[in-house]
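Notes to accompany the following structure.
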Amino acid sequence: RRRRVSPGTKLPFLCTVALSWQSCGTLALKLQTSLLSAPTGANLVMSMAGEEELEGASSANEDEPLLPQTAAAAVTSVRQRLCTQHTGLAVAMLLALVSVASAVINLCFPKGPDAGTSHIGGVIDALSLPEHKQSDFFIFTHVSDPSNLDSYLSHPLSELVSWYSLKGILVMYVMPKMEWALMLGYVSEVAKNPKLPMPRELKDLHHKCRQWMEKVCQECNKTQTPDRMRILTPLDFKDMLLSMKYRLGEDEFSTWFGHTTYDAPKLIDSIMRLRALGNALPVLRFDINVLCNAHTKSDMSTIYSAVLRGLEDFRKSVEDPFVQEFVLSQQYVGVPVTKTKDFMAWNEAFSTHCGPALLATPALCNASQWKFDGSPGNHTCKLGDLDDAVDEATMMAFYGLQHVEGEDLLQPVLPSTAGTDEKRREEDILRLGNAYIGANPTRTVISGAALATGPGVTLDMPPFLHTDLNIMWIDDHLLDRLTQEVDGNKRRPRPEGVGQARVVKARDPPHNVAKHTLEVDIPTLLYGIVMDAWVNNQPDGYLLKYGPADLAGNPKVQDAYASVIGGDGGTATAKGTFSSAVKEARTTGNLAAERIVQFCEDLWADALTRMQDVYWQWINLPAPKLHGKHQPTFATLWAAGRVCEHAHLSSYCENADFEKLGQGMVLPSWDEEAREAKSRANLPSLEKKHLNQAVAAKIDELIQSVTRHVEWVLLWPDVVQAIRSANVGLTPSDVTWRFSEALPEATE
């Protein structure tokens, strides 16, 4: 049974050698029983063995002796059912392990297990923690709207943190945007006046969450899982924030935490990971609409699977000596080959929203989405209209997917086998979709699907905060790529085969489809695409978004792949403008002022080159006929600056109050020249003056954000020390913190 081993007692096998034959036999019984009660075994056998058999095979109380005869009976029953009902590698492996344990039992108990009822009371118990102290993982999720907590807590979450031999801790961090801003202001003032009363809104939120937590703990006590469900608020991290303020000083704290941003919850995520260093406890981050949705209301099997797989992937990564720094996650559900014309299937399939690839049909461009001043109207499309806007070939080209015989889900298109690098790139930019200009939808790391970071990444790579922009992939794909470049681990960023579990991202149908897509979704996607180029700007850098197994059958790309991977260890260098600046800052401890000027110029050059890629790929997306007329996608219209040419979208140019960002990426004058190009290589030069001014302003803001992040990297060691300075068990997200032993109310 996989149990927490006390620090310093890392010699279980040496201890086992010293045991008597009878003790070895009893240990084998425990191993055999545990194989069938551990989650991996239990998932296979629960449907084959009666629950009473499995329950009888393990003691209800860890302090009571295991009954060998009961365990043997359960093992025999389950083995018989496995042999007669199931086949496959997993079952074969389970049977092999059970058989090995059986052989030891037969050797040590020749007269039967009931003849030796003594159990190992000293050594094994000394190596194990009591069940109520066992902790194998954290789950972190952010709740932005506390009014939804009742709905979320109606899900079987307590079962998620205590099932079979695994025990975990769930942290639900309740942080509305307004309360976080109040918290930052309060911390700034209370440092000067310790007796300053807490803001009423913070106290009310904290009090409500403590009431919810108390109720949850009372319920958990019935299942012996107290203190495993934690509903926390910004006030729970007051001391931590004060420590940061003291460490950074008044001016620096105000500079870095002066206002709230979209990504503020990631700071608490980092606090949890940093506080857990020193123990092999992964923090698995789930989006709340992955953890709690209609699919998981009564059946959390997908979440169980993601947690199990996440734990195993984390263990493999930590134990692999060639994986020094890693970011990993599980996947969203993908698109079944039978549902390629179903909008909701695409809507929940990947981290990248499908809105840009929808056809700009009249129904989706309904004028009620905009008020006269350009502010949001109130229009909800019918699902039938959304389905009509889904074209299979267009969606597959946008994401870079294909049908593969024998596969139930759409699979990624693999790089071309063209004979020259130039021809391969010309083919791949139109075939690989998102994987060429952004994140590979089926291979990328996803922040909402049990994301975990290794100890090195947790310590070295600060979260990307302090920007008002929503940036696609900023805390998953881009974090992963930046880590690979800065730390030089592109050759083996994580073990092969990890990240295979799938969870559902339960997104609601979009509201005001055209407005939101043109003004929010596509710009958000563009920022992530540009940052992807800033992390690695090599022409063949997109090959890094595929695993070695993906490229093994393509000898044409092997030299290019070896080139983008670069050397090992100390010979590897960061191949992006942003990643090389982060590397330089970490190495030298500063980024000179004259270097920053050149840095910003290089970022602009990379951005313009990548926007040419975006233009070429998106104007070549299929535009199928619908109702007798070719219908382009929102992505095509926006990339080419043709939004105002659409009969139902002309108000973006006719009404001065409409959001200028919605007009598109480039000016129509540049598009008129560029649309005559026959290849990506023949596109005319793109300069800042050719861009929509609103887009150019956002790229300037994005450049300021990454420049600030380099400064944040330099400041991060002080923040880490501040976070880790509090005593163990003081912070409510610590493993050893106990709600039942702490004062539940915030006090003044």
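GLU325 passes every criterion in (1) in a loop (DSSP other than H, G, I, E, B); (2) at pLDDT 95 or above apart from (2).
Of the residues LEU166, LEU153, LEU202, which is at pLDDT below 90 and closer than 23 Å to ASP269 by Cα? Reasoning before the result, please.
Details: LEU153 fails: at pLDDT below 90; LEU202 fails: at pLDDT below 90.
Going through LEU166, LEU153, LEU202 in turn, the sole match is LEU166.
Across the range 336-349, the qualifying residues are those that are out of contact with any helix residue (DSSP H, G or I) (no Cβ under 7 Å at 6 or more places or on another chain) and within 21 Å of GLY406 (Cα to Cα), and the one among them that is most open to solvent (accessible area, probe 1.4 Å) is THR338.
Where helices (runs of 4 or more DSSP H) sit wholly within the range 487-556, those with at least 2 residues that are under 27 Å from CYS354 (Cα atoms) and open to solvent by less than 20 Å² (accessible area, probe 1.4 Å) occupy 513-516, 522-535. Scanning the range 637-656 for residues that are under 30 Å from LEU432 (Cβ atoms), part of a loop (DSSP other than H, G, I, E, B) and either open to solvent by 20 Å² or more (accessible area, probe 1.4 Å) or without any contact (Cβ under 8 Å) to a residue 24 or more places away in the chain (or both) yields ARG642, HIS646.
Tell me the residue from ALA674, ALA656 that is at pLDDT 95 or above and among the hydrophobic types (A, V, I, L, M, F, W, C), please. Reasoning before the result, please.
On the way: ALA656 fails: at pLDDT 95 or above.
ALA674 is the lone residue from the list that is at pLDDT 95 or above and among the hydrophobic types (A, V, I, L, M, F, W, C).
Inclusion of LEU358 among residues that are closer than 18 Å to ARG507 by Cα, touching a Phe, Trp or Tyr at 6+ places or on another chain (Cβ under 7 Å) and exposed (fewer than 15 other Cβ atoms within 10 Å of the Cβ) is not warranted. Every test in (1) within 25 Å of GLU325 (Cα to Cα); (2) surrounded by 21 or more Cβ atoms within 10 Å (Cβ to Cβ); (3) among the hydroxyl-bearing types (Ser, Thr, Tyr) is passed by TYR561 save one, and that test is (2).
Selection of the range 331-351 for residues being in a loop (DSSP other than H, G, I, E, B), under 16 Å from MET396 (Cβ atoms) and of a type outside the set (A, V, I, L, M, F, W, C) yields GLY334, THR338, LYS339, THR340, LYS341, ASP342. The number of residues in the range 233-263 being out of contact with any Leu (no Cβ under 6 Å at 6 or more places or on another chain), among the charged types (D, E, K, R), buried (at least 17 other Cβ atoms within 10 Å of the Cβ) and over 19 Å from PRO199 (Cβ atoms) comes to 1. In the range 545-565, the residues that are under 15 Å from GLN484 (Cβ atoms) reach residues that are of a type in the set (Ser, Thr, Tyr) with C-beta atoms within less than 8 angstrom, at least six apart or across chains, in these pairs: LYS545/THR444.
Does any residue of the range 421-435 turn out to be within 29 Å of the chain's Cα centre (by Cα), open to solvent by 10 Å² or more (accessible area, probe 1.4 Å), at pLDDT 95 or above and more than 19 Å from ASN620 (Cβ to Cβ)? Give the steps one after another, and end with the answer.
Filtering the range 421-435 down to residues within 29 Å of the chain's Cα centre (by Cα) leaves 428-435.
Subset that is open to solvent by 10 Å² or more (accessible area, probe 1.4 Å): 430-431.
Among the residues that remain, those that are also at pLDDT 95 or above are: 430-431.
Remaining after also requiring more than 19 Å from ASN620 (Cβ to Cβ): none.
Checked against the condition, which is being within 29 Å of the chain's Cα centre (by Cα), open to solvent by 10 Å² or more (accessible area, probe 1.4 Å), at pLDDT 95 or above and more than 19 Å from ASN620 (Cβ to Cβ), the range 421-435 yields no hits at all.
Yes/no matrix, rows are residues, columns are (1) under 27 Å from ASP251 (Cβ atoms); (2) small (Gly, Ala, Ser); (3) in contact (Cβ under 8 Å) with a residue 12 or more places away in the chain; (4) touching a Cys at 6+ places or on another chain (Cβ under 6 Å):
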position	(1), (2), (3), (4)
LEU149	no, no, yes, no
VAL161	no, no, yes, no
SER165	no, yes, yes, no
GLY168	no, yes, yes, no
MET172	no, no, yes, no
MET175	yes, no, yes, no
MET178	yes, no, yes, no
SER188	yes, yes, yes, no
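Check whether at least one residue in the range 674-685 is within 27 Å of LYS515 (Cα to Cα) and out of contact with any Leu (no Cβ under 6 Å at 6 or more places or on another chain), and report yes or no. There is at least one residue in the range 674-685 that is within 27 Å of LYS515 (Cα to Cα) and out of contact with any Leu (no Cβ under 6 Å at 6 or more places or on another chain).
Which of the following residues is in contact with a Ser or Thr (Cβ under 8 Å, 6 or more places away or on another chain) and open to solvent by less than 10 Å² (accessible area, probe 1.4 Å): THR394, THR352? Break it down stepwise before answering.
Details: THR352 fails: in contact with a Ser or Thr (Cβ under 8 Å, 6 or more places away or on another chain).
THR394 is the lone residue from the list that is in contact with a Ser or Thr (Cβ under 8 Å, 6 or more places away or on another chain) and open to solvent by less than 10 Å² (accessible area, probe 1.4 Å).
Residues in the range 594-616 include at least one that is on the phi < 0 side of the Ramachandran plot, without any contact (Cβ under 8 Å) to a residue 12 or more places away in the chain and polar (S, T, N, Q).
Among the residues of the range 275-307, how many are among the hydrophobic types (A, V, I, L, M, F, W, C) and at pLDDT 95 or above?
The number of residues fulfilling the criteria is 10.
With the structure loaded, tell me whether LEU414 is surrounded by 21 or more Cβ atoms within 10 Å (Cβ to Cβ) and in contact (Cβ under 8 Å) with a residue 24 or more places away in the chain or whether it fails that test. Taking the combined requirement at face value, the residue does not satisfy it.
For the range 278-322, what are the residues that are among the basic types (Lys, Arg) and part of a helix (DSSP H, G or I)? Before you say what the answer is, go through the steps one by one.
Quick first cut of the range 278-322, residues among the basic types (Lys, Arg) only: 285, 297, 309, 315-316.
ARG309, ARG315, LYS316, listed by residue number.
Among residues of the range 264-308 being touching a strand residue (DSSP E or B) at 6+ places or on another chain (Cβ under 6 Å), more than 13 Å from GLY168 (Cβ to Cβ) and β-branched (Val, Ile, Thr), the one that is most open to solvent (accessible area, probe 1.4 Å) is THR302.
Residue-level check: of (1) crowded, with 18+ Cβ neighbours inside 10 Å; (2) closer than 29 Å to PHE138 by Cα, MET198 misses just (2).
For the range 159-187, a tally of residues being open to solvent by 20 Å² or more (accessible area, probe 1.4 Å) and either assigned to a helix (DSSP H, G or I) or among the polar types (S, T, N, Q) (or both) returns 8.
Residues of the range 436-456 being touching a Ser or Thr at 6+ places or on another chain (Cβ under 8 Å) and either surrounded by fewer than 22 Cβ atoms within 10 Å (Cβ to Cβ) or not hydrophobic (A, V, I, L, M, F, W, C) (or both), which ones?
Quick first cut of the range 436-456, residues touching a Ser or Thr at 6+ places or on another chain (Cβ under 8 Å) only: 438-439, 441, 444-452, 454.
The answer is GLY438, PRO441, THR444, SER447, GLY448, GLY454.
Scanning the range 571-593 for residues that are surrounded by fewer than 14 Cβ atoms within 10 Å (Cβ to Cβ), modelled with pLDDT under 90 and more than 29 Å from the chain's Cα centre (by Cα) yields THR571, ASN590, ALA592, ALA593.
Residue check: is PHE634 in contact with a Pro (Cβ under 7 Å, 6 or more places away or on another chain) and either buried (at least 19 other Cβ atoms within 10 Å of the Cβ) or of a type outside the set (Lys, Arg) (or both)? In short, yes.
Of all residues in the range 715-730, those that are without any contact (Cβ under 8 Å) to a residue 24 or more places away in the chain have Cβ atoms under 9 Å from Cβ atoms of residues that are in a loop (DSSP other than H, G, I, E, B) and open to solvent by 60 Å² or more (accessible area, probe 1.4 Å), 6 or more apart or on another chain, in VAL728/THR736; GLY729/THR736.
The values are calculated or read from the model by the stated rules, or taken from the named source; none is laboratory data. It should be emphasised that the depicted structure is a prediction, and the values quoted were computed from it without experimental measurement. Here Cβ is always computed from backbone atoms with ideal geometry, including for glycine, and neighbour counts include all displayed protein chains. When the accessible area is computed, the model is the full protein with side chains, heavy atoms only, and any ligands, DNA or RNA have been set aside. Shrake-Rupley method; radii C 1.70, N 1.55, O 1.52, S 1.80 Å.
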